[in-house]
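Some notes on the structure that comes next.
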Amino acid sequence: MGSRRDCTWILGLPGFRVERVEGEDGDATSRVQIRIERRGPRRYPCSGCGRRTSRVRSARDRTWDDLPWAAHPVTLIYCQRRVYCRRCGIRTERIEFADPKARVTRRLRQQIGVDCQSMPTSHAAVRHGVSWGKARRAEHAFLAEWDRKRVKRRPRHIGLDEIQRGKGQQFWTVLSDVVHGEVIGLRKDRRETSATDLLTEELTARQRAAITAVCTDMHRPYLNAVGAVLKDAEVVFDKFHVLQHASAALDEVRRQEFFRAGAVMREHGRGKRWLLLRRWKTVRGSKRAELQALFAANRRLFKAYVLREQLDRLWTYKTRPGVLNFLLGWIKALRWQRLPEMERLGDFLFKHVEGIAAYCDHPVRFGVVESINTTIKGVLRRARGMRDEAMLLLKLKWATAHPIRSARDLMRFLTDQPLYSNR
Ligand SMILES: [Zn+2]
């Protein structure tokens, strides 16, 4: 082995020097054990108050996994003291390079934590030569520290939305910051109490005071919760949810016109559902001709399709009377068309026009709401379900905030920033 000085320099832990390096000769991938000791006078910082003292009560060897030396995984060995502190009594010594009770050094934790955000925990564990459990705990500590240290934002607009959990009627309720596109909180069902919990527990009073609009769907429990907790905020209905209702109505028209109208028509309308539910501007080429043939066969379906397309304009008006006028005109155009499904949709929209028109005053970014939902579904799919709810929330926060956008950001996470100075 090289001189202790060189080894100390390579290890690069401020305040510590290398005493002894042990590894198996001739084996290029064996584990290296590095015994380290504090530099300077024999005074040890108390883990309670950080004051240094020389009154040692007992001492015990402890080990930490650290960054590898080439192909050699590294274990640090240090004799950790228990000290008598004048203020705190008997305490363990504070270790600057690792979290209390952690089995890996802080700089290794950072590497594992960053890796886990782009690969499965099991891969990251193998890459860094630690067990799955160690990697998982390191990841959790990494994410928790990141979440604790970042600034608490005060978004003007928040989103309260449901996301399907697995198959069937199970849902998450997700609270998100729609301005910055980040997840704030998560609950395991979609009841009113969960929504109230989210709004009161995940947001501070200061944050709640800044909120002017809540983007949500027409789920009654959510509306109740928002009305009770955020009295000054207005509800804006999510555009995609509103249009989903319109698409459902259009689909019902299709069923009536084709599938309940005999075998000939049924054959004609077969396999056209997704084509019909797509927006006109996204349909291209031969598919457009197909759609036109469908409309030629049935005028009523055509009318319903056009009416659905027009609904987009609900979100183009700058004033509330403008929205109301447009909707009234839209409902008027339904007369004599014999489209009961669309009429029902008209009633529904009229009943909720307040929340639709609120968009004039609170231009919520609907695209951000959608992209958050897509990200959440992506994380859930990759994890194949997650039992640890706290971990899931942290992962979602990271994925939606995506704090690493440049090489410099990555560097900031990988370089160890010591919490306490040694000198
Ligand atoms: Zn102390």
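The values are calculated or read from the model by the stated rules, or taken from the named source; none is laboratory data. Because the structure is a prediction, the values reported are computed rather than measured. All Cβ positions, glycine included, derive from the backbone under ideal geometry; neighbour counts span all protein chains shown. Accessible surface areas use protein heavy atoms only, side chains included; no ligands, DNA or RNA. Shrake-Rupley method; radii C 1.70, N 1.55, O 1.52, S 1.80 Å.
Looking across region 155-209, the residues that are touching a Pro at 6+ places or on another chain (Cβ under 8 Å), more than 16 Å from ASP238 (Cα to Cα) and not in a helix (DSSP H, G or I) come down to HIS180, ARG190, ARG191. Residues in region 329-348 that are assigned to a loop (DSSP other than H, G, I, E, B) and touching a residue at least 12 places away in the same chain (Cβ under 8 Å) were compared, and the one that is surrounded by the most Cβ atoms within 10 Å (Cβ to Cβ) is LEU339.
Could you please find all residues in region 52-70 being open to solvent by 60 Å² or more (accessible area, probe 1.4 Å) and either more than 16 Å from the ligand (Cβ to nearest atom) or touching a Ser or Thr at 6+ places or on another chain (Cβ under 9 Å) (or both)? Within region 52-70, ARG60, ASP61, PRO68, ALA70 qualify.
Annotation: LEU13 fulfils all but one of (1) outside any strand (DSSP E or B); (2) more than 16 Å from the ligand (Cβ to nearest atom); (3) open to solvent by 20 Å² or more (accessible area, probe 1.4 Å); the unmet one is (3). Got at least one residue in region 117-125 being within 16 Å of the ligand (Cβ to nearest atom), in contact with a Phe, Trp or Tyr (Cβ under 9 Å, 6 or more places away or on another chain) and not hydrophobic (A, V, I, L, M, F, W, C)? No, the conditions are met nowhere in region 117-125. With respect to the conditions (1) farther than 30 Å from ILE356 by Cα; (2) open to solvent by 70 Å² or more (accessible area, probe 1.4 Å), ALA293 lacks only one, and its number is (2).
Out of all the residues in region 256-275, is one or more within 37 Å of the chain's Cα centre (by Cα) and touching a residue at least 24 places away in the same chain (Cβ under 8 Å)? Within region 256-275, none of the residues are within 37 Å of the chain's Cα centre (by Cα) and touching a residue at least 24 places away in the same chain (Cβ under 8 Å). Of the residues contained in region 313-323, none is found to be outside any helix (DSSP H, G or I) and within 19 Å of ASP251 (Cβ to Cβ).
The residue list VAL130, VAL74, VAL104 contains one member that is open to solvent by less than 30 Å² (accessible area, probe 1.4 Å), away from the ligand (no atom under 16 Å from the Cβ) and more than 19 Å from PHE16 (Cα to Cα), which is VAL130.
The rows are residues; the columns are (1) modelled with pLDDT of 90 or more; (2) in a helix (DSSP H, G or I); (3) in contact with a Leu (Cβ under 7 Å, 6 or more places away or on another chain).
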| position | (1), (2), (3) |
| --- | --- |
| GLY355 | no, yes, no |
| VAL369 | no, yes, no |
| ILE376 | no, yes, yes |
| LEU380 | no, yes, no |
| MET386 | no, no, yes |
| LEU394 | yes, yes, yes |
| ARG405 | no, no, no |
| PHE413 | no, yes, no |
| ARG423 | no, no, no |
